[in-house]
Amino acid sequence: MTDLQETGPSVPRPDKSKVRVAVVFGGRSGEHTISCATAAGVLSAIDRDRYEVLPVGITPEGRWVLVEDDPAALELSDSRPPVQITTDGLGQGALSAPLGGGELTVLGPTGPRVLGQIDVVLPLLHGPYGEDGTIQGMLEMMGVSYVGCGVLASAAGMDKQVTKVLLGAAGIATAPHVVVGPHAWKRDPEVILDACRSLSYPLFVKPARAGSSLGISKVERPEDLPGAIEAARAIDPKVLVESGIVGREVEVAVLEGRGDDAPRVAEPGEIAMDASHGAGEFYDFETKYLAHDAVAMVCPARIGPEERALIMDTAARAFEAVGCEGLARVDFFLTEAGEAVVNEINTMPGFTPFSMYPYMWQVSGLGYTDLVSELIELALVRSTDVNR
Ligand SMILES: Nc1ncnc2c1ncn2[C@@H]1O[C@H](COP(=O)(O)OP(=O)(O)O)[C@@H](O)[C@H]1O
Ligand SMILES: [Mg+2]
């Protein structure tokens, strides 16, 4: 740890023995508000005896601001408009980061304040410009330690097509699919629609790089396919069309091992949807975030010992096949025949205290506060060499 710079009015550093953590959230993706809710959970629970916390919000336009350390202001609530980081609302001043030094400066109403060196960044960002290797690359360039997957695994995990390629190479099953490239669709949609005839209905049409079920449709009839592709293209010009997999949705929380240890895998959990309480046709945005009674996170998942072992082993292999670090949630369809098909890998899974990833760890004996500490410790002990 380094001291604050002497120049300029600086932010006081009350206890220099504490690790200084910049918690970064909000951001430029469609999951801005969810990220703020995650930050609310982490700010409430992080071990303040060990860590000094700097809450850093990123506005939807991409401006970095130091924000009030106030979890209640960031929580998800039905009774107010979605939380958004702005430079004049929650913001206390714009952040600037001189490259290479690992330091942050706040440009506030009273002029620049030097925040100084930060020991580790906890990027609680979902989706593009956060979970996709971009902020990870920036932090690598700055020489700052950060929690979670590196550049390649983040970028690969964000892109559902690239994930399939890596998993397929490792012998791990994913849903059959057709890629709708941005130019190919414009050039000749018939070629793509023709290729999709090899898939089995219902189809799932999804943006290659999104999350929170944004832009995803379930398609029952061929005539609805072009519209679904256009809807997904509005989120990402690269789209996947997948065969629908009939199976239960089982999710697995993976945590990097210490040193050369194998990845740690929590007790698998299951997403149980209840249509009579308003669950949608699939795990869509409303079911995920708004229809509170429609979906239950069941952990341990109600699966037999063989399926449990298969799913946990496959999750650990998927974690390593994609080159994950820190954490990832590996999501499966478990078919009637007992096959474990990976749907996707989330390198920054939902992380509110009510989210599946922390819940599965809690059931497995690692509570939320300790989980956050373990993630920070994993980041601190890992090398900052880009080829670690
Ligand atoms: N191939 C598929 N077969 C069956 N259901 C699917 C398929 N793909 C997606 N779904 C449904 O859509 C939901 C969201 O899709 P997913 O690929 O996980 O996107 P996101 O990254 O937005 O969570 C899944 O949880 C599942 O309910
Ligand atoms: Mg998903």
*Out of (1) of a type outside the set (D, E, K, R); (2) crowded, with 16+ Cβ neighbours inside 10 Å; (3) free of Cβ contacts under 8 Å to residues at least 24 places away in the same chain, what's the single condition that is false for Ile34?*
(3)
*the stretch 187-212 - residue that is away from ligand 2 (no atom under 16 Å from the Cβ) and within 12 Å of Val239 (Cβ to Cβ) and, of those, most open to solvent (accessible area, probe 1.4 Å)*: Pro189
_Any pair with Cβ under 8 angstrom, 6 or more apart, that starts in the stretch 229-244 at a residue that is over 16 Å from Leu203 (Cβ atoms) and without any contact (Cβ under 8 Å) to a residue 24 or more places away in the chain and ends at one that is within 14 Å of ligand 2 (Cβ to nearest atom) and in a loop (DSSP other than H, G, I, E, B)_ = Ala234/Gly215
*Picking from Leu193, Leu122, which residue would you name as being under 18 Å from the mean Cα position of the chain (by Cα) and away from ligand 1 (no atom under 16 Å from the Cβ)?*
Leu122
*asked:* away from ligand 1 (no atom under 12 Å from the Cβ) and either over 25 Å from Glu75 (Cβ atoms) or surrounded by fewer than 21 Cβ atoms within 10 Å (Cβ to Cβ) (or both): which single residue out of Val341, Val363 fits that description?
replied: Val363
_Any hit, the stretch 224-244, residues being assigned to a loop (DSSP other than H, G, I, E, B), under 16 Å from Asn343 (Cα atoms) and within 11 Å of ligand 1 (Cβ to nearest atom)_ = yes
_Top-ranked residue of the stretch 213-227 - restricted to ones that are within 16 Å of ligand 2 (Cβ to nearest atom) and open to solvent by 20 Å² or more (accessible area, probe 1.4 Å), ranked as farthest from the chain's Cα centre (by Cα)_ = Lys218
_When you check Ser217 against the structure, is it touching a residue at least 40 places away in the same chain (Cβ under 8 Å) and within 15 Å of ligand 1 (Cβ to nearest atom), yes or no?_
no
*Residues located in the stretch 344-355, provided they are touching a strand residue (DSSP E or B) at 6+ places or on another chain (Cβ under 6 Å) and either away from ligand 1 (no atom under 13 Å from the Cβ) or open to solvent by less than 20 Å² (accessible area, probe 1.4 Å) (or both)*: Ile345, Thr347, Pro349
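Of all residues being among the polar types (S, T, N, Q) and closer than 18 Å to Ile345 by Cα in the stretch 202-240, which is modelled with the lowest pLDDT? Just the residue, please.
Ser212
One line per residue, one yes/no per condition, for (1) outside any loop (DSSP other than H, G, I, E, B); (2) of a type in the set (Lys, Arg); (3) over 22 Å from the mean Cα position of the chain (by Cα); (4) at pLDDT 90 or above:
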site: Ile271; (1), (2), (3), (4): yes, no, no, yes
site: Ala279; (1), (2), (3), (4): no, no, yes, no
site: Phe282; (1), (2), (3), (4): no, no, no, no
site: Lys288; (1), (2), (3), (4): yes, yes, no, no
site: His292; (1), (2), (3), (4): no, no, no, no
site: Ala296; (1), (2), (3), (4): yes, no, no, no
_Just to be sure before I move on: is Pro358 outside any loop (DSSP other than H, G, I, E, B) and open to solvent by less than 50 Å² (accessible area, probe 1.4 Å) in the structure I sent?_
yes
*If we scan the stretch 334-344, do we find a residue that is part of a loop (DSSP other than H, G, I, E, B) and within 16 Å of ligand 2 (Cβ to nearest atom)?*
no
*Look at the stretch 323-338 and say how many of its residues are within 15 Å of ligand 1 (Cβ to nearest atom), in contact with a helix residue (DSSP H, G or I) (Cβ under 7 Å, 6 or more places away or on another chain) and either at pLDDT below 95 or open to solvent by less than 20 Å² (accessible area, probe 1.4 Å) (or both).*
4
_So Ser364 ticks every box in (1) closer than 25 Å to Gly143 by Cβ; (2) out of contact with any helix residue (DSSP H, G or I) (no Cβ under 7 Å at 6 or more places or on another chain) but one. Which box is left unticked?_
(1)
*Could you grab me the full set of residues in the stretch 203-223 that are of a type outside the set (Ser, Thr, Tyr) and assigned to a strand (DSSP E or B)?*
Leu203, Phe204, Val205, Lys206, Pro207, Lys218, Val219
*Failed criterion for Ala318 (all others in (1) away from ligand 2 (no atom under 16 Å from the Cβ); (2) open to solvent by less than 50 Å² (accessible area, probe 1.4 Å); (3) not in a strand (DSSP E or B) hold)*: (1)
*asked:* For the stretch 256-276, give me each residue that is within 16 Å of ligand 1 (Cβ to nearest atom) and exposed (fewer than 15 other Cβ atoms within 10 Å of the Cβ).
replied: Asp274, Ala275
_Of the conditions (1) in contact with a Lys or Arg (Cβ under 7 Å, 6 or more places away or on another chain); (2) open to solvent by 20 Å² or more (accessible area, probe 1.4 Å); (3) not charged (D, E, K, R), Ala253 satisfies every one except a single condition; which number is it?_
(2)
_Failed item, numbered, when Asp88 is tested on (1) at pLDDT below 90; (2) part of a strand (DSSP E or B)_ = (2)
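The values are calculated or read from the model by the stated rules, or taken from the named source; none is laboratory data. What you see is a predicted model, and the numbers here were worked out from it, not measured in a lab. As a convention, Cβ positions derive from the backbone with ideal geometry for all residues, glycine included, and neighbour counts pool all protein chains shown. Protein only, heavy atoms only, side chains kept; ligands, DNA and RNA dropped before computing areas. Shrake-Rupley method; radii C 1.70, N 1.55, O 1.52, S 1.80 Å.
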